[in-house]
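The values are calculated or read from the model by the stated rules, or taken from the named source; none is laboratory data. In this text the structure is predicted, and so the values were computed from the model without any measurement. Cβ placement follows ideal geometry from the backbone for every residue including glycine, while neighbour counts extend to all protein chains displayed.
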Amino acid sequence: MRIFITGGSGCIGHYIADSLIKNTNHELFFLVRNPSKLKFDYNYREGVNIIQGDLAQILDYTDLLKTINIAILAATCWGGETESYQINVESNLNLIKTLNPAICEQIIYFSTASILDQKNQLLPQAGEIGTDYIRTKYQCFTQLSTLELYDKIITVYPTLVFGGNDNNPYSHLSSGLKDLPKLMNLIRWFQADGSFHFIHGYDIATVITYLVENGNNLDKKFEQKLVLANQPLTVNEAIKQICNYLHKKIYFQIPLAIWLANIFIKLFNIQMAEWDYFCFNYRHFTYGKFVNPNTFNLESYAPNLSKLLEVSKVDNN
C-alpha cells in the first residue's frame, strides 16, 4: 500500500515512522517541513520517501494524494489562533477531501482526548474555552462527519503522551522528567483529588501499525474512535508509585482541598486562563473506553508508571 504521513518530525511521528519503516513493507510518504529534524532512519529500506513541504499548502500534493491508500494525519499546530485553525482544521480537511474515495481505504486522524468527557462524548468546554490547539481539534472533529470519506476515518485520541530518547524527539511531558526527583521532595508531602491516563509514544505507534494492517476490520464496538491510554491513575496513586521508584519515603501527607485552593486563587488574584481554571476544577481526565497494545493482544512498552519511569531512564539512585 501507499501511505501518506504528516507530523513525522514530532515525538509521536518519529515512533510511528520507525515502526512503519521496520515492521511493514508499504511505500511511505512523509510530508515534513524540515527534513534536517528527522532522527529516524529513512534510508533503512527502499520505499521511504521524504517530501519537504508545508501542510498549509497541502493542495500542492493533489496528484500524489489521489494515489494514496492510507493517510495518517498526526501533524498539529500547538498555538496561535490563525495558524492553529489553518493547520488543525483547514489543512486536514482539505487533505481528506483530496483523497480518492475509490483508492483510499483508511484515514487515521489524530485528535486529542482533551476534547472528550469521561463518557467519551464531546466536551463542550473544549470547543468553547479550550486552548487554540484543543479548540481547533474540537472544530475539526465536528466537521469530519460532513466528509465523503467519513466512514473510512478512524479517530485516535492520545491522552498524556510520554516519549523521547536519542533517536526520538522528547514529548513536552518527558522533557520535564529529569526534574522529577527534585520535585518529588516537595510533592510527596501532599494529597490531591484528580486522575488521569498516560501512554508512551512507542505504544501509540504499535497501535497505529496494527490499524494500518487491520483497521478495515476493526471491531464495530470501537465506533472508529479510539482513546489511546493505559489504565487510569489517581494523583495520589501516582505520587506513591513515583516515590517508591525513587526510594523516597512518605511519612504523612497534607490534603490539598479544591475549595481552599480556589480561595487562594481569588485572594491573591492569581491569573488563570478559562481552560486552565476549568481543568483545575474538572480534575478527573479519565475515559470510560480506551485502548492500548494489550487491547489487540500486543505487548505494551510502558504499561504502567513504574515501567514508564524505567524506560524514560529517570534517575532513582
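So which of Thr82, Thr112 ends up being without any contact (Cβ under 8 Å) to a residue 24 or more places away in the chain, of a type in the set (Val, Ile, Thr) and within 24 Å of Trp275 (Cβ to Cβ)?
On the way: Thr112 fails: without any contact (Cβ under 8 Å) to a residue 24 or more places away in the chain.
It is Thr82.
Does Gly194 satisfy the criteria of being over 15 Å from the mean Cα position of the chain (by Cα) and either small (Gly, Ala, Ser) or not assigned by TED's automatic domain parsing to the domain that holds Phe110 (or both)?
Against the criterion (over 15 Å from the mean Cα position of the chain (by Cα) and either small (Gly, Ala, Ser) or not assigned by TED's automatic domain parsing to the domain that holds Phe110 (or both)), Gly194 qualifies.
Which one of Ile129, Ile134 is crowded, with 18+ Cβ neighbours inside 10 Å, under 22 Å from Val89 (Cβ atoms) and either modelled with pLDDT of 95 or more or of a type in the set (S, T, N, Q) (or both)?
Ile134
From the list Pro181, Pro124, which residue is surrounded by 17 or more Cβ atoms within 10 Å (Cβ to Cβ) and not hydrophobic (A, V, I, L, M, F, W, C)?
Unique residue meeting the criteria: Pro181.
Regarding Asp117, is this residue touching a Phe, Trp or Tyr at 6+ places or on another chain (Cβ under 9 Å) and among the acidic types (Asp, Glu)?
Values: touching a Phe, Trp or Tyr at 6+ places or on another chain (Cβ under 9 Å): yes; among the acidic types (Asp, Glu): yes.
Yes, satisfied.
In the range 261-290, which residues are in a helix (DSSP H, G or I), at pLDDT 85 or above and not acidic (Asp, Glu)? I'd like the intermediate steps shown before the answer.
Of all residues in the range 261-290, those in a helix (DSSP H, G or I) come to 261-267, 274-282.
If we keep only those that are at pLDDT 85 or above too, we end up with 274-282.
Within the range 261-290, Trp275, Tyr277, Phe278, Cys279, Phe280, Asn281, Tyr282 meet the criteria.
Checking Tyr202 against (1) modelled with pLDDT under 95; (2) buried (at least 17 other Cβ atoms within 10 Å of the Cβ), which single condition isn't satisfied?
Of everything listed in (1) modelled with pLDDT under 95; (2) buried (at least 17 other Cβ atoms within 10 Å of the Cβ), Tyr202 misses just condition (1).
Name the pairs: first residue in the range 145-164 and closer than 14 Å to Asn100 by Cα, second residue surrounded by fewer than 19 Cβ atoms within 10 Å (Cβ to Cβ) and charged (D, E, K, R), Cβ to Cβ under 7 Å, at least 6 apart or on different chains?
Qualifying pairs under 7 Å: Leu147/Lys97; Lys152/Glu105.
Are any residues in the range 83-124 over 18 Å from Thr62 (Cα atoms) and over 19 Å from the mean Cα position of the chain (by Cα), and if so, which ones?
Glu83, Pro124
Could you please find all residues in the range 205-251 being among the basic types (Lys, Arg) and within 29 Å of Gly10 (Cβ to Cβ)?
Of everything in the range 205-251, just one residue is among the basic types (Lys, Arg) and within 29 Å of Gly10 (Cβ to Cβ), namely Lys225.
Quick check: anything in the range 211-231 in the same structural domain as Tyr133 (by TED's automatic domain parsing), part of a helix (DSSP H, G or I) and of a type in the set (Gly, Ala, Ser)?
Yes; the residues of the range 211-231 include at least one that is in the same structural domain as Tyr133 (by TED's automatic domain parsing), part of a helix (DSSP H, G or I) and of a type in the set (Gly, Ala, Ser).
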